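S.K.: A single structure is presented below for examination.
The values are calculated or read from the model by the stated rules, or taken from the named source; none is laboratory data. Remember, it's a predicted structure, so these values are computed and weren't measured experimentally. All Cβ positions, glycine included, derive from the backbone under ideal geometry; neighbour counts span all protein chains shown.
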Amino acid sequence: MSNMNNYNELKTSFKLETPTNYNFGFDVIDKRADEADKLAFISVDGSGENIEHYQFSDLRDISNQFANGLLDLGAKKGELAFVMIPRIPEWYAIMIGCCKLGVVTMPGTNLLTPKDIEYRINRSKATMAIVTSENADKVDAIKSKCPTLEKLIVIGDDRNGWSTFKQLTENFSNTLDKSQLEPSKASDLMMIYFTSGTTGMPKMVARDNAYAHAHTITGEYWMDLQENDIHWTLSDTGWAKAAWGMLYAPWQMGAAMVLFNGTGFDAELHLNLIEKLGVTTFCAPPTVYRVFAQMDLSQYNLSSIRHAI
């Protein structure tokens with residue numbers, strides 16, 4: 001591994017000091033955009049044919065616009081937002097925009113039922129729900145049972161009683177005035193995940209701003225990432241794996257990511273995309289590797305891969 005030559009030496013000398021005030025949106029995304037702008041992620045649709053490239057400056061600007069839109073809705077630091085969005089660029093804008101304001105995100109998998117959503121909103125007392133058009137009906141079906149739910153945001157067409165992501169970005173500045181925001185402490189709550197509920201009802205797991213900084217270790221020593229890497233993690237955006245594989249760890253290291261919005265798992269398409277996009281580091285569940293092991297991989301050029309986990 002290029003980032004770890006001697007574990008014992010590293011263990012002796014390693015330090016990671018998180019500043020008292022820390023915010024991933026400002027201190028990582030905006031800093032990279034301002035000081036060393038480069039490719040941040042590659043968005044690929046389910047067909048594998050429609051590909052778009054986004055810079056860190058694109059992330060800075062769209063997350064600032066969304067944050068300004070949220071402020072216009074009256075959003076405040078400490079509010080909780082239920083987020084149910086697939087692997088599309090808007091997910092990044094929303095996660096980073098909320099982070100900048102101190103709005104606490106609660107990612108949910110895209111297979112959640114209305115009952116699942118109702119439980120999560122009421123258990124957390126969330127005031128906001130941010131979903132795609134495909135999932136808006138689920139929220140509408142339970143919103144009357146969620147007394148704390150005040151703000152509804154949809155990615156898609158206009159919908160009665162909802163604000164659209166388009167309205168909350170296109171109509172607002174891509175410059176965010178930090179002076180109007182409360183300081184963001186490393187110890188401030190940033191994100192909440194719900195457990196799978198294997199033993200009883202799902203339980204909330206809180207993560208503060210320092211959690212994002214801690215994933216510097218993940219990116220450097222487990223993923224072995226460099227700034228020139230193109231990393232691809234296979235994960236639903238509602239899984240905790242997305243936090244360290246598709247958000248914090250790679251961007252702490254300045255690496256670019258693949259955001260593939262496919263449904264199901266098409267092994268041939270994934271292998272072709274690795275070659276097409278020049279993926280250098282890859283992270284997937286064991287089931288994916290088991291499928292690959294049963295295939296004739298000689299017909300694919302996987303020479304770009306230097307690290308797989």
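S.K.: Tally time: how many residues in region 270-309 are farther than 22 Å from GLU220 by Cβ, surrounded by fewer than 17 Cβ atoms within 10 Å (Cβ to Cβ) and among the aliphatic types (A, V, I, L, M)?
M.R.: Count: 6.
S.K.: Answer with yes or no whether SER163 is at pLDDT 95 or above and among the hydroxyl-bearing types (Ser, Thr, Tyr).
M.R.: In short, yes.
S.K.: Okay, next question. Give region 266-309 a look and list any residue that's polar (S, T, N, Q) and either assigned to a helix (DSSP H, G or I) or in contact with a Ser or Thr (Cβ under 7 Å, 6 or more places away or on another chain) (or both), or say none.
M.R.: Hits for region 266-309 are ASN272, THR280, THR287, SER298, GLN299, SER304.
S.K.: Taking the condition of being closer than 21 Å to ASP177 by Cα, part of a loop (DSSP other than H, G, I, E, B) and either in contact with an Asp or Glu (Cβ under 8 Å, 6 or more places away or on another chain) or among the polar types (S, T, N, Q) (or both), how many residues in region 20-57 meet it?
M.R.: Qualifying residue count, region 20-57: 2.
S.K.: State which residue pairs qualify: first residue surrounded by 19 or more Cβ atoms within 10 Å (Cβ to Cβ) and inside region 131-142, second residue among the aromatic types (Phe, Trp, Tyr) in any location, beta carbons under 7 Å apart, and separation of 6 or more residues or different chains.
M.R.: Listed by first residue and then by second, the contacts come to ALA136/TRP162.
S.K.: Of these, GLN226, GLN252, which one is among the polar types (S, T, N, Q), under 30 Å from GLY78 (Cβ atoms) and touching a residue at least 60 places away in the same chain (Cβ under 8 Å)?
M.R.: On inspection, the qualifying residue turns out to be GLN252.
S.K.: Follow-up. In region 90-111, is there at least one residue being of a type in the set (Phe, Trp, Tyr), outside any loop (DSSP other than H, G, I, E, B) and more than 19 Å from TRP232 (Cβ to Cβ)?
M.R.: No, region 90-111 contains no residue that is of a type in the set (Phe, Trp, Tyr), outside any loop (DSSP other than H, G, I, E, B) and more than 19 Å from TRP232 (Cβ to Cβ).
S.K.: Further question: Need pairs with beta-carbon distance below 6 Å; first residue under 18 Å from ASP116 (Cβ atoms) and within region 177-202, second small (Gly, Ala, Ser); sequence gap 6+ or separate chains.
M.R.: Within 6 Å, the pairs are ILE192/ALA206; TYR193/ALA240.
S.K.: List the helices (runs of 4 or more DSSP H) inside region 150-246, counting only whole elements, that have at least 2 residues being over 30 Å from PHE265 (Cβ atoms) and more than 16 Å from the chain's Cα centre (by Cα).
M.R.: 167-170
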